[in-house]
Amino acid sequence: MLNRRIFVQTAVVAGIAAAASLAAPQGAWAANEKLRIGFVGVTSGPAAAWGISNVRSMQTRAAWINETGGVKIGDKTYDVEIVTFDDQKDPKRAIAGMEKMAQERIHYVVGPNVDDGAAAVRPVAEQNNIIYFPYAFPKSLYVKPASNAVLGMVANYQSGPAIYKYLQDKKGVKKVAFVCANESDPLSQRESGVAAAKALGLTVVSDNITYQVDTTDFTPVLTPVVRTQPDLLVLSGAAPANTPQLIRAARELGYKGLISAETAQDAAVIKEGAGDLANGFISVGGASTPEIATDAMREFVARYTKMFGEYNDESNTKVYALEYIFETLKANPKAIDNVEEFKKTMETLAAENIFMKGGAKLKYVGMTSFGQKRQVSVPMVVNEYRNGKFETLFIAEVD
Amino acid sequence: MEQIIANGLYLGAQYALIALGLTLIFALMNVLNFAHGQMYVIGGFVTYTVYAQLGLPFVVGVAASGVTLAIIGALVQKFLFGPVIRKSVREESTMLLAAGLAFLLDAVVLLLFGEKQRGVPKIVNGIFNYNDYTIVMPYDKILVGVLAILAIAAFILYMQYSKTGRAMRALAQDKVAAQLMGVDVDRYSIIGFALGAMLAGVVGGLLVTVTGINLGMGGPTSIKAFMMVMIGGAGVISGAIAGGFILGMLESVGLTVLAAYGDITYLVIFASLMVFLAIRPQGLMGKPWG
């Protein structure tokens, strides 16, 4: 009796399995292998916008690649899967996130977004053969003996001097004031900004005013700064959420000089928060301004907008990390699970930059700042905000 | 100094309104509503949607924020806090529930409104400029400050003279005695929570015109609201108002006077608060409803 029941059950299960296999689309058998790329960064809380623009850039690009057949590395074609971990801007959670990536045998990770998180994950990444692309500026992550971190953007100590020099030469700036949030990233960016300004011979009239990251009314913060009457007010490390309010408060206090930031900003956010008061605001962006954007960049923006309802200008820079990972792996397929091979290829990579006009190349840079190629070469596009959108002021390159 | 006082008064008015809803909920149900800041954020996003996205008048946006949050508050009390208060005598049960609710609302806000900072067009253009920038105050801030003070006054009058207000005050003073006098505890708890949440929504709607709104504002707003309540005395309306104005003035004075020493304003405020609470743990105004 028992044997008969087991026989019947087995037959039913086998029948369902056979039917399912016949019903399954043929393509399912021919599915590409998965190439899993990690993200460890902040996607919740006050700084969520930084990490979410990373994740959404990666997801948009991955979906686009998968839709068009996958990414061919060596003789294999892979579908891209993005594995994300929200570190909540907490270094302890960032370590947990990187450990999760290691457990899942992921070798290439984008993030973390802030200095302390990027520094915290370094031992985990190095012990587990993970190359990671932080959006954090401490030089110790990128100079020897460190070798697994690759800076994913232009650092403020690279963009700041270029912007100040431009404004000194073209706009006659002589006096500069700095204001920043009381957090490690903005504070370190302010320090390097002050050093760069002094090196150019500019007079720093205020460099000790900071604000809490959760400040919503910046009038009291900026009151003493504006009274120093600077020609240029630098918002060091300003988060996109704070920038419009800072601009608005400064203008309402009667400040008529220039305002700049060395962090990526979002034109829509500035328009909503500061409106015409933000005209003339200078910041660093990626490659989506009409002068340099290719059809691929425009398609990326369109796909991102379609997937998530609204584009984020910060993603102009953040789309690049994934592209660098793919191009390096294409150039050396052995690097798919061997980060030492990846590092070797970083020395020589020169692939087409599909997002920027003018024959720009994807290549690793950083020799001047770090003594080794541990930075992606993204265009340093200095933008000026005007009437709801960014206009290119000038373009420069790191190294 | 004139500018510092003006900044402090403006901050105080908006802070007091934020603290009122929190202290009302605490007074009625002994619930520390850690989700108060998230309710403020939802209020801001509702006004943003109605005023900036749909193009309806600003006043409709603020009203929509108030109504939305009142409904959310009533539902939260009826289906979450009410049952927990009835079943559990441990106060930490409601605290954990409130913390969980804060996380939930954060996630809901992210899903519905996204991660970006949002702002709305100015409701009034222009700047009040007294004596060549001796005192500068944008007209929209003045309007928001006046509206906040009017809302506070309306709230006090409502609590003082309406039947519902008297019932809620009775509940806050002595729940058992109020029940014996025929006050429906469940009903007025729902009304009280709805009113507290509505205040958070209204202030979110008002301030979105000045500060904008984003996902991350909830937690810090709750912390500041708790500070004001601690200064003034938990569960005391006049205490919340006093706490709001004191915190606003301390912040304004500190940010200017202490600027040369770095960002130590909140360090000084927190240290002073600890000393103050060690001396007077019940805050300035003492017991609920005085």
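Derivation of every value follows stated rules applied to the coordinates shown; laboratory data play no part. These numbers come from a predicted model, not from an experiment. Virtual Cβ from ideal backbone geometry, glycine too; neighbours counted across all protein chains shown.
A few comments on the model shown:
- Cα gyration tensor shape for the stretch A:156-263, rounded if a/c is under 1.5, else prolate or oblate: oblate
- With a simple spin-label model that places each label point 7 Å from the Cα along the Cα-to-Cβ direction, the separation between B:Leu56 and A:Thr77 comes to 5.1 nm.
- Environment charge of A:Arg36, counting only residues whose C-beta is closer than 9 Å and scoring Lys/Arg +1, Asp/Glu -1: 0
- Taking other residues whose beta carbon is less than 11 angstrom from the beta carbon of B:Val183, and scoring Lys, Arg as +1 and Asp, Glu as -1, yields +2.
- FRET efficiency, B:Leu150 to A:Trp64 (Cβ-Cβ, R0 51 Å, nearest 0.05): 0.45
- Dimensions of chain A from C-alpha coordinates, computed as largest minus smallest value along each principal axis and given longest first, are 94, 41, 41 Å.
- Computed E for B:Arg187/A:Arg386 - FRET, C-beta separation, R0 56 angstrom, nearest 0.05: 0.50
- Whole-Hz couplings from phi, Karplus 6.51/-1.76/1.60, listed for the stretch A:118-131; x for Gly and Pro: 5, 5, 5, 7, 3, x, 5, 5, 5, 6, 10, 6, 10, 8
- Chain A, helix-only ellipticity at 222 nm - DSSP H runs n ≥ 4, -39,500 (n - 2.57), divided by all residues, nearest 500: -12500 deg cm²/dmol
- Compactness of the protein assembly as shown, expressed as Rg and Dmax over alpha-carbon positions, Å: 27.9, 101
- The helix-based estimate of mean residue ellipticity at 222 nm for chain B, built from -39,500 (n - 2.57) per DSSP H run of four or more residues and divided by its residue count, is -24000 deg cm²/dmol to the nearest 500.
- For A:Asn312, net neighbour charge (Lys/Arg +1, Asp/Glu -1) across residues whose Cβ lies under 9 Å away: -2
- Semi-axis lengths (Å, descending) of the ellipsoid that matches the C-alpha gyration tensor of the stretch A:235-379: 34, 18, 13
- Within the stretch B:19-40: backbone nitrogen closer than 15 Å to the B:Leu75 label point (7 Å, Cα to C-beta): B:39
- Highest-MSF residue in chain A out of A:Leu329, A:Leu202, A:Leu151 [GNM, Cα springs under 10 Å]: A:Leu202
- The GNM of chain A, with springs linking C-alpha atoms under 10 angstrom apart, assigns the highest mean-square fluctuation among A:Asn113, A:Asn32, A:Asn353 to A:Asn32.
- Here the contact order of the stretch B:173-290, divided by its residue count and restricted to Cα pairs under 8 Å and six or more residues apart, works out to 28 percent.
- Put simply, the amide H of A:Ile259, placed in the peptide plane, has neighbours under 5 Å in A:Leu233, A:Ile282, leaving out anything fewer than 5 places away on its chain.
- Backbone geometry of the stretch B:70-75 corresponds, through the Karplus equation with coefficients 6.51, -1.76 and 1.60 at θ = phi - 60°, to 3J(HN,Hα) couplings of 4, 5, 4, x, 5, 5 Hz, x marking Gly and Pro.
- All lysines inside 21 Å of A:Lys34 as judged from Cα atoms, apart from same-chain residues fewer than 8 positions distant: A:Lys72, A:Lys76, A:Lys100, A:Lys330, A:Lys334
- Computed over the alpha-carbon pairs of chain B, the distance histogram in 5 Å steps reads 1, 6, 11, 16, 18, 17, 14, 9, 5, 2, 1, 0, 0 percent, short to long.
- Paramagnetic label reach from B:Glu2 (point 7 Å along Cα→Cβ; backbone nitrogen cut-off under 17 Å): within the stretch B:121-153, residues B:127-139, B:142.
- Estimated inter-spin distance, B:Asn30 and B:Leu267, nm [label 7 Å along Cα→Cβ]: 3.9 nm
- Bridge type composition, the protein assembly as shown - antiparallel percent by DSSP, nearest 5: 45 percent
- Distant-in-sequence amide H partners of A:Glu391 (H built 1.01 Å from N, under 5 Å): A:Glu384, A:Tyr385, A:Arg386
- Efficiency of FRET from Cβ geometry, B:Asn125 and A:Met307, R₀ 51 Å, rounded to 0.05: 0.90
- For the cross-link pairs A:Lys198/A:Lys318; A:Lys92/B:Lys224; A:Lys175/A:Lys198; A:Lys171/A:Lys198, the ones whose C-alpha atoms lie over 20 Å apart are A:Lys198/A:Lys318; A:Lys92/B:Lys224.
- Amide H to amide H, with H built 1.01 Å from N, A:Gly38 comes under 5 Å of A:Val83, A:Tyr108, A:Val109, A:Val110, counting only residues 5 or more places away or on other chains.
- The antiparallel fraction among DSSP beta bridges confined to chain A stands at about 40%.
- Reducing the stretch B:239-290 and the stretch A:118-133 to their Cα centroids gives an inter-centroid distance of 42 Å.
- Choice from A:Val150, A:Val114, A:Val213 showing the highest fluctuation, given a GNM over chain A with Cα pairs closer than 10 Å: A:Val213
- Those residues of the stretch A:202-240 whose amide nitrogen sits under 11 Å from the label point placed on B:Ile142, 7 Å along Cα→Cβ: none
- Calculated from backbone phi, Karplus (6.51, -1.76, 1.60) coupling profile of the stretch B:179-187 in Hz, x at Gly/Pro: 4, 5, 8, x, 7, 7, 4, 4, 5
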